[in-house]
1. For ARG34 and ASP112 in the same chain, what is the full-extension length gain: residue separation times 0.36 nm, less their Cα-Cα distance, in nm?
2. Need the full-extension length gain, LEU151 to LYS249, defined as separation in residues times 0.36 nm minus the C-alpha distance. One decimal, nm.
3. Report, ordered by chain and residue number, the aspartates and glutamates lying within cross-link reach of LYS77, taken as a straight Cα distance under 13 Å and ignoring same-chain residues fewer than 8 apart.
4. At LYS278 and LEU94, where each label point lies 7 Å from the Cα along Cα→Cβ, what is the point-to-point distance in nanometres?
5. Over the chain, what relative contact order in percent results from Cα pairs under 8 Å that are six or more residues apart?
6. To the nearest 500 deg cm²/dmol, what mean residue ellipticity at 222 nm is calculated for the chain from DSSP H runs of n ≥ 4 alone, each contributing -39,500 (n - 2.57), summed and divided by the residues?
7. With just the Cα atoms defining each centre, how far is region 293-351 from region 232-254? Give it in Å.
8. Using a Förster distance of 35 Å, how high is the FRET efficiency between ASN78 and LYS7, based on the Cβ-Cβ distance and rounded to 0.05?
Amino acid sequence: MTPSAVKFGRYFILAVNDEKEAITSWPAHGGNIRKTISLYAFAKNSPARFLLVIDSRKDVICEGKAIKRLLTLAAKKNTGLVFSDFSEKKRNKLTSHPLIDYQAGSIRDDFDFGHFFVFSLHAIKSVLDKYGKPPADTDSGLYDLRLKVSLDYRIIHVAQSLYITADRKIKSAKNKASKTEKHFAYTAAANLARQKMLEKVATNYLRLRGAYLKTPKKKIHIAKSNYPVEASVVIPVLNRKKTIMDALKSALAQKTDFSFNIIVVDNHSNDGTTQLVKNLSADNEKIKHVIPNRRDLGIGGCWNEAVKSKHCGRFTVQLDSDDLYSSTKTLQKIVGVLRRGKFAMVVGSYT
């Protein structure tokens, strides 16, 4: 047969039967490859055995032996997807990029499969018949397909660099700057529609897997019991001599219409942090210096120490020992939202 290929969002999707077809039809630049938004139609109608997914933003070089190895693994019983480590070429230097194994809980849409991976078309057609079409959408279609394949088939990671990638063009300063914001892109208002679609895909997967938990509808009942203060700023700390004073000053500077204190859970610091907190707490009754009896606590255990202490207020608000509140009104805003919405938790953004 003549191999077929399409451009699906950022990926070239290539349907092949063996490594020879993959080599002869490998998309170099994608100039003549038609675009599609429907993975379903392309996969369902293909008589091939494998679906190769190649990142169009990279030059991907994979030798025939490596392709054959990936296809051989993808052809094995109960295998749905195969991916491998890779090497990146920059300025004539190769850098290895090992990836992590796929696990049952690896459901993030940005799980790193590298820049080239292989699906079994048998597995794809099976899950399409069983679980339905993926969205006709380049942002979520491949994500949906991968999750459905993972329900019934293995996803194999080859812990060996089987291909080489290189940038197609030099990235601009603008692109380099935006890379630092990539981690937080999901919070941008412009990405709301995309995130809602991805959430819908993930929720459907959890339902299919039997792991979906319904969102609780209950509102928090704000008890009228007596508390020492309305709110406690909790600062877990371990060896933060250089930053703890600034964090404490930021907390002390909060302007509120309610009483609050600051619980510093000092996890047995040995760099001078303990003495700094001790001295400041002696001069300011708002600061409560707590040193746990146990020496095996992590940050969660320190939090528990604060919540269980006699000093803890009605609401607890975290501040890291190396962070500052963005204004003197931050604590008031957070507690205000907790009161109005009767929420179990409120999360604030940071810069």
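1. The ARG34-ASP112 span can extend by a further 25.5 nm.
2. Values: separation 98, 0.36 × 98 = 35.28 nm, distance 5.10 nm.
So the chain would gain 30.2 nm between LEU151 and LYS249.
3. Correct list for LYS77: ASP152.
4. Here the modelled spin labels are 5.8 nm apart.
5. Answer for the chain is 14 percent.
6. When only DSSP H runs of four or more count, the value is -9500 deg cm²/dmol.
7. After rounding, the separation between the Cα centres reads 12 Å.
8. 0.70
Read the figures in this text as sums done on the coordinates, not as results from a lab. No experiment lies behind these values; they were computed from the predicted model shown. Using ideal geometry, Cβ is built from the backbone for each residue, glycine included, and neighbour counts are taken over all protein chains shown.
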